[in-house]
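A quick write-up on the structure given underneath.
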Amino acid sequence: MRDFIDEFKFYLKLERGVSENTVSSYAYDLEKLEQFLGTERSFLEVKDEDIRAFIHFIADFLAPATQARILATLNHFYSFLVLQNVLESNPVTFIELPKQSRKLPVVLSVSEIDMLISQIPFHTPEDVRNDAIIETLYACGLRVSELVDLRISELYFNEGFIRVFGKGSKQRFVPISEPAIEKIKYYIDCARSKWKVKSDAEDILFLNRRGGALTRAMIFTIIKQLAQLAGITKDVSPHTLRHSFATHLLENGADLRSIQAMLGHESITTTEIYVHLDRQKLKAEMEKYHPLALKNKSRGA
């Protein structure tokens, strides 16, 4: 069965252009089914009732969103086997996805982002780098994977854009603000230039002090520590800055399609969650300030 999984991974990378991280996630999901089946049954013998039993099994310890992702992986895998004429039908076709509650993203206010940046002491080259990292994440709405892969050769500052390679290696051009440009230039001149850059990282923008590429885990740690120092109790991550970017644009009148393009969302449905977030805020503002709402509160007091 390993051969089929390896062929599937090769197909995802070569023909679908799926990122290495996503391919690894697919392989991990297939291993879960393999463990569930044990040695008595192979992937090729699986029926829809086996898939239902597997989903029922993982429902005890995995969230609905994770269950849905695993089911999507199995659907892709068995569709691939049908495409390769290994199987006649896909046992996942008529399996319904688990119901998911749509969780609203965590967003920082502009003042909270200022508080986050104010915790940087600016004593070391790493501090200058961290300031540029936060500014870039918030100014461009990048995913953390896009940030760590950002190249110097993809910075088009004269035109006011950067080129980003998102999910599935799809490229997009994202506008970048003048303050972000200035901070990146300052980082390159006053911090990055002080480090001995490794040969495989010469074009990578954000480096560690040893001259190598930063990892996603490092970016998470930097932002978590700054949020803690700032006394921000929200569950802050690099993605929080991406959510804040989109929400603040929408609040200030940006078009949803433009936000979709800048975020690199394949579907407008993904971007629409920020509309819901904006409506929630409007409702909260109405309940806080409208005379009738205030009158009802005073009656209930």
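Screening T73, T93 for residues that are of a type in the set (S, T, N, Q) and assigned to a loop (DSSP other than H, G, I, E, B) leaves exactly one candidate, T93. Please tell me if R16 is under 30 Å from Q171 (Cα atoms), out of contact with any Gly (no Cβ under 9 Å at 6 or more places or on another chain), in contact (Cβ under 8 Å) with a residue 40 or more places away in the chain and basic (K, R). It is false that R16 is under 30 Å from Q171 (Cα atoms), out of contact with any Gly (no Cβ under 9 Å at 6 or more places or on another chain), in contact (Cβ under 8 Å) with a residue 40 or more places away in the chain and basic (K, R).
For V110, the requirement of being exposed (fewer than 13 other Cβ atoms within 10 Å of the Cβ) and aliphatic (A, V, I, L, M) is met. Test L104 against the stated conditions and say whether it is within 18 Å of the chain's Cα centre (by Cα) and either over 30 Å from I58 (Cβ atoms) or at pLDDT 95 or above (or both). In short, no. Looking only at the range 33-77, which residues are among the aromatic types (F, W, Y) and buried (at least 18 other Cβ atoms within 10 Å of the Cβ)? Residues satisfying the conditions are F43, F54, F77.
Here R41 meets each of (1) assigned to a loop (DSSP other than H, G, I, E, B); (2) in contact (Cβ under 8 Å) with a residue 24 or more places away in the chain with one exception, condition (2). Screening T240, T221, T271 for residues that are β-branched (V, I, T) and surrounded by fewer than 17 Cβ atoms within 10 Å (Cβ to Cβ) leaves exactly one candidate, T221.
Would you mind stating whether Y186 is farther than 26 Å from P105 by Cβ, modelled with pLDDT of 95 or more, touching a helix residue (DSSP H, G or I) at 6+ places or on another chain (Cβ under 7 Å) and in the same structural domain as H239 (by TED's automatic domain parsing)?
On the way: farther than 26 Å from P105 by Cβ: yes; modelled with pLDDT of 95 or more: yes; touching a helix residue (DSSP H, G or I) at 6+ places or on another chain (Cβ under 7 Å): yes; in the same structural domain as H239 (by TED's automatic domain parsing): yes.
In short, yes.
Quick check: is even one residue across the range 80-103 of a type in the set (G, A, S) and either in the same structural domain as D189 (by TED's automatic domain parsing) or touching a His at 6+ places or on another chain (Cβ under 6 Å) (or both)? Looking through the range 80-103, none of the residues is of a type in the set (G, A, S) and either in the same structural domain as D189 (by TED's automatic domain parsing) or touching a His at 6+ places or on another chain (Cβ under 6 Å) (or both). Scanning the range 19-37 for residues that are more than 18 Å from L71 (Cβ to Cβ) and in contact (Cβ under 8 Å) with a residue 40 or more places away in the chain returns S19, N21.
Working only within the range 151-174, note down all residues that are assigned to a loop (DSSP other than H, G, I, E, B) and in contact with a strand residue (DSSP E or B) (Cβ under 7 Å, 6 or more places away or on another chain).
G160, G166
Please work out if S79 is among the small types (G, A, S), more than 20 Å from H239 (Cα to Cα) and assigned to a loop (DSSP other than H, G, I, E, B). Considered against the rule, which asks whether it is among the small types (G, A, S), more than 20 Å from H239 (Cα to Cα) and assigned to a loop (DSSP other than H, G, I, E, B), S79 comes out as no.
Apart from one condition, K185 fits all of (1) among the basic types (K, R); (2) more than 18 Å from the chain's Cα centre (by Cα); (3) not in a helix (DSSP H, G or I); the exception is (3).
Please verify whether F173 is farther than 15 Å from N130 by Cα, surrounded by 14 or more Cβ atoms within 10 Å (Cβ to Cβ) and not polar (S, T, N, Q), treating the condition exactly as stated.
Values: farther than 15 Å from N130 by Cα: yes; surrounded by 14 or more Cβ atoms within 10 Å (Cβ to Cβ): yes; not polar (S, T, N, Q): yes.
Criteria met by F173.
Restricting attention to the range 122-135, the residues that are under 23 Å from V107 (Cβ atoms) and either touching a strand residue (DSSP E or B) at 6+ places or on another chain (Cβ under 8 Å) or not assigned by TED's automatic domain parsing to the domain that holds F220 (or both) total 0.
Table: residues versus (1) at pLDDT below 85; (2) exposed (fewer than 11 other Cβ atoms within 10 Å of the Cβ).
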site: D3; (1), (2): yes, yes
site: L14; (1), (2): yes, yes
site: S19; (1), (2): yes, no
site: V23; (1), (2): no, no
site: Y26; (1), (2): no, no
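The values are calculated or read from the model by the stated rules, or taken from the named source; none is laboratory data. Not measured: the values here are computed from a predicted model. FYI the Cβ positions are ideal-geometry reconstructions off the backbone, even for glycines, and counts take in every protein chain you see.
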